[in-house]
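Peer 1: Input: one structure, supplied below.
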């Protein structure tokens, strides 16, 4: 099973939901990385062998941050929090998508950035996983 790191933009409720579902998860708060620039914490987390979960989808668009992912050979999952998908919904989607995530992690060598989208309302209510989309790093 993969070991995960939660970015500070995902609150304590996400941490609690993932821990209660049996995820091995650490947080930026737990590692003393609150307020640290992405280009600083990404290599540190990658060196710990953790898969990063963040709500910051801009990492793939900011050259220095994207370079940090590539150079550190990091594995990063972005999730989207908005009016339609609360933080709690996003956390439950990660739980529902665990098998999908674990298969992807096992089959794909780092570095990579993927986006985990929310399923439609019906599928979410049935506990079905979201969809993974891989973002190009090159």
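The values are calculated or read from the model by the stated rules, or taken from the named source; none is laboratory data. Remember, it's a predicted structure, so these values are computed and weren't measured experimentally. Counting neighbours? That spans all protein chains shown, and the Cβs are built from the backbone with ideal geometry, glycine included.
Peer 1: For the stretch 31-65, how many residues are surrounded by fewer than 20 Cβ atoms within 10 Å (Cβ to Cβ), touching a helix residue (DSSP H, G or I) at 6+ places or on another chain (Cβ under 9 Å) and closer than 21 Å to residue 98 by Cβ?
Peer 2: 1
Peer 1: Tally the residues that are assigned to a loop (DSSP other than H, G, I, E, B) and modelled with pLDDT of 95 or more, restricting the search to the stretch 63-88.
Peer 2: Looking only at that region, the number is 3.
Peer 1: Give the residues of the stretch 96-138 that are touching a residue at least 60 places away in the same chain (Cβ under 8 Å), surrounded by fewer than 16 Cβ atoms within 10 Å (Cβ to Cβ) and more than 14 Å from residue 51 (Cα to Cα), sorted by residue number.
Peer 2: 137
Peer 1: Assuming residue 63 fulfils every condition listed in (1) in contact (Cβ under 8 Å) with a residue 24 or more places away in the chain; (2) more than 19 Å from residue 132 (Cα to Cα) apart from one, which condition is it?
Peer 2: Of everything listed in (1) in contact (Cβ under 8 Å) with a residue 24 or more places away in the chain; (2) more than 19 Å from residue 132 (Cα to Cα), residue 63 misses just condition (1).
Peer 1: I would also like to ask the following. Within the stretch 9-26, can you find the residues that are modelled with pLDDT of 95 or more, assigned to a loop (DSSP other than H, G, I, E, B) and under 14 Å from the mean Cα position of the chain (by Cα)?
Peer 2: Within the stretch 9-26, 23 is the sole residue that qualifies.
Peer 1: Might you check whether a residue that is at pLDDT 95 or above, closer than 30 Å to residue 123 by Cβ and either part of a helix (DSSP H, G or I) or over 11 Å from the mean Cα position of the chain (by Cα) (or both) occurs anywhere in the stretch 27-47?
Peer 2: For the stretch 27-47, residues at pLDDT 95 or above, closer than 30 Å to residue 123 by Cβ and either part of a helix (DSSP H, G or I) or over 11 Å from the mean Cα position of the chain (by Cα) (or both): present.
Peer 1: Further question on the same structure: What's the total number of residues in the stretch 109-118 that are farther than 17 Å from residue 83 by Cβ and in a loop (DSSP other than H, G, I, E, B)?
Peer 2: 3
Peer 1: In the stretch 12-24, how many residues are touching a residue at least 24 places away in the same chain (Cβ under 8 Å) and in contact with a strand residue (DSSP E or B) (Cβ under 7 Å, 6 or more places away or on another chain)?
Peer 2: The number of residues fulfilling the criteria is 3.
Peer 1: Given the criteria buried (at least 20 other Cβ atoms within 10 Å of the Cβ) and touching a helix residue (DSSP H, G or I) at 6+ places or on another chain (Cβ under 8 Å), does residue 25 qualify?
Peer 2: When the stated conditions are applied, residue 25 passes them.
Peer 1: Another one. Going through the stretch 75-88 one residue at a time, which ones are crowded, with 17+ Cβ neighbours inside 10 Å and more than 11 Å from the chain's Cα centre (by Cα)?
Peer 2: 81, 85, 87
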